[in-house]
Amino acid sequence: MKSQQQAFKSTVLNPAGIGLTDNHLLPFVYLMNGFFNFRRYDMSIHLNKVSKTYHLKGRTVEALKETSLDIEDGEIFGLIGYSGAGKSTLLRLINLLEEPSTGTVMVNGENLTQLSKNELRVKRQKIGMIFQQFNLIESKTVYDNIEFVLKASKYDKKQVPKRIKELLDLVGLSDKSEILASNLSGGQKQRVGIARALANDPDVLLCDEATSALDPDTTKSILKLLNNINKTLGITIVIITHEMEVIKEIADRVGVMSAGEIIEIGPTYDVFSHPKKEITKDFVQEIYNFEIPKQIEENKENQVITIQFLSENAEENYLNKLYREFNLNISILNGRIEYIKDQPLGFLMFQVSGENSEIERLKNHIDQSNGIERVAYIG
């Protein structure tokens, strides 16, 4: 199967061969891509006991504590943390824009920390990167901005126009080739940034707060584009952000960073539904934004309960069952369903008043229900 995939990539996805976005081949590309479940199986990122310490004017700053991390082939891995958590430092270690103080960085089975400067320069062509501030040449056209990257990598001159067309088609800017970068919207500039990062057919795409300068609607469109690129090309994507909204939309797995270390890691749905660390709980709370009304005074006969519904249970009308089975006054205070990588996760906050024994029976009923849990960190 692997040889079939490699042959298919060389004939269809190789920018020096048949273009990915040649209109007459697109249906065939998508069909075969789905058939082969396209992934670059020999690709991996392995950080082994890496750390980064800065020595600044007589003081030492530990930006990244000793960290080991494996990022799987073809996955979208997210890193989230507040400012100063160390996520940008960790990201820049992957392509050695920052050299680790200790440890090794392996990409595609190759130890980057042992490469010469020239070898590293060549290797970086296969590790694309996009930035919060786009890093475009504002006085140049969209075409020129992409051409600059290809020229720097000594791309076949005869194939440059064709490759630029492929890239612009891919990012949805086929009609913007001759527009100056300074005349583009923020979302369009980031699409050019993505095209530049993909110019040399990379195996890995690093995204450094790629949507932080964009409005919510544009952010969703960029995340959709990145998700499509991941599915279509099998590129491993590492994205860092301080926004949980970004993580829930795109990441297969997520690592939560604080004070220079990854404090929690796992599949995104699992981290959302069962956060362990207080910082992670804060991030989840930001998404749902539930608050207990100030006028409610809780006691044994008047309580606020928040429950979460996992997967398929998130879309059930569970509250009707509670109305029927318990002799309590039940009032909904808040409720919301979010979709984490297309999996539903629902939260419901409600007020219950009545006999304390009946409230306790209600709590026991919830605790014994499959796929439904009481939570204390929301609200």
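Net length available on complete extension from Glu358 to Asp156 is 65.1 nm, with 0.36 nm assigned per residue and the Cα-Cα distance removed. Apply the a/c threshold of 1.5 to the C-alpha gyration tensor of the stretch 123-220 and tell me whether it is rounded, prolate or oblate. Note, shape of the stretch 123-220 comes out oblate.
If you run the Gaussian network model on the chain, springs between alpha carbon atoms under 10 Å, then out of Leu150, Leu198, Leu120 the most flexible one is Leu120.
Comparing mean-square fluctuations of Leu90, Leu56, Leu136 from a GNM of the chain with C-alpha springs under 10 Å, the top value falls on Leu56.
Solvent-accessible area assigned to carbon and sulfur over the chain amounts to 47 percent, based on a 1.4 Å probe.
Proximity of backbone amide H atoms, modeled 1.01 Å from N, is registered between Ala210 and Ile240 at under 5 Å, excluding neighbours fewer than 5 places apart on the same chain. Note that the stretch 47-52 has calculated 3J(HN,Hα) couplings of 9, 10, 6, 7, 8, 9 Hz, one per residue in order, obtained from phi through the Karplus relation 6.51 cos²θ - 1.76 cosθ + 1.60 (θ = phi - 60°); glycine and proline are x. Once the C-beta distance of Ile296 and Glu110 is scaled by a Förster radius of 45 Å, the resulting FRET efficiency is 0.15 to the nearest 0.05. May I ask you to list, by number, the DSSP H helices of the chain whose Cα span along the axis is at least 24 Å and whose average Kyte-Doolittle hydropathy reaches -1.0 or more? In the chain, the long hydrophobic H runs are 216-233.
Only Lys, Arg, Asp and Glu carry charge here, each on its Cβ (+1 for the first two, -1 for the last two); on that basis the stretch 302-374 has a dipole of about 120 debye about its Cα centre. The dipole here belongs to the chain: it is taken about the Cα centre, uses +1 on the Cβ of Lys and Arg and -1 on the Cβ of Asp and Glu, and is about 1700 debye. For the pair Ser68 and Asn228, label points projected 7 Å from Cα toward Cβ lie 4.0 nm apart. Each residue of the stretch 337-345 was assigned a 3J(HN,Hα) from its phi angle through the Karplus curve 6.51 cos²θ - 1.76 cosθ + 1.60 (θ = phi - 60°); the sequence is 10, 10, 10, 9, 6, 6, 9, x, 9 Hz, with glycine and proline shown as x. Over the residues of the chain, the helix contribution to mean residue ellipticity at 222 nm works out to -10000 deg cm²/dmol, using -39500 (n - 2.57) for each DSSP H run of at least 4. In this entry, the chain is assigned a mean projected area of 23.9 nm², taken as a quarter of its C-alpha convex hull surface.
Here the relative contact order of the stretch 302-374, from alpha carbon pairs under 8 Å that lie six or more residues apart, stands at 43 percent.
In loop segments of the stretch 278-379 as defined by DSSP, the GluC sites (Glu not before Pro) with at most 16 further C-beta atoms inside 10 Å of their C-beta are Glu291, Glu297, Glu298, Glu301, Glu316, Glu355.
Working from Cα pairs under 8 Å separated by at least six residues, relative contact order for the chain is 17 percent. Rounded to whole numbers, the Karplus 3J(HN,Hα) couplings from phi for the stretch 199-213 are 4, 9, 6, x, 8, 10, 10, 9, 10, 9, 6, 5, 10, 5, 8 Hz, using 6.51 cos²θ - 1.76 cosθ + 1.60 with θ = phi - 60°, and x at Gly and Pro. For the stretch 162-196, the residues whose amide N sits under 15 Å from a probe point set 7 Å from the Cα of Ala213 along the beta carbon direction are 181-196.
Per-residue extension of 0.36 nm, minus the Cα-Cα distance of Arg336 and Arg374, leaves a gain of 12.2 nm for this segment. Over the chain, accessible surface divided per residue gives 48 Å², non-protein components excluded, 1.4 Å probe. Among Gln188, Gln308, Gln159, the largest mean-square fluctuation in a Gaussian network model of the chain, built with springs joining Cα atoms closer than 10 Å, belongs to Gln159.
Can you tell me what percent of all Cα-Cα pairs in the stretch 161-309 are more than 20 Å apart? Summing the P(r) of the stretch 161-309 above 20 Å gives 59 percent of all pairs.
The values are calculated or read from the model by the stated rules, or taken from the named source; none is laboratory data. On a predicted model such as this, the values are computed, not experimentally measured, just so you know. Note that each Cβ is placed from the backbone with ideal geometry, even for glycine, and that neighbours are counted across all protein chains shown. The area values use the complete protein model at the heavy-atom level, side chains included, leaving out ligands, DNA and RNA. Shrake-Rupley method; radii C 1.70, N 1.55, O 1.52, S 1.80 Å.
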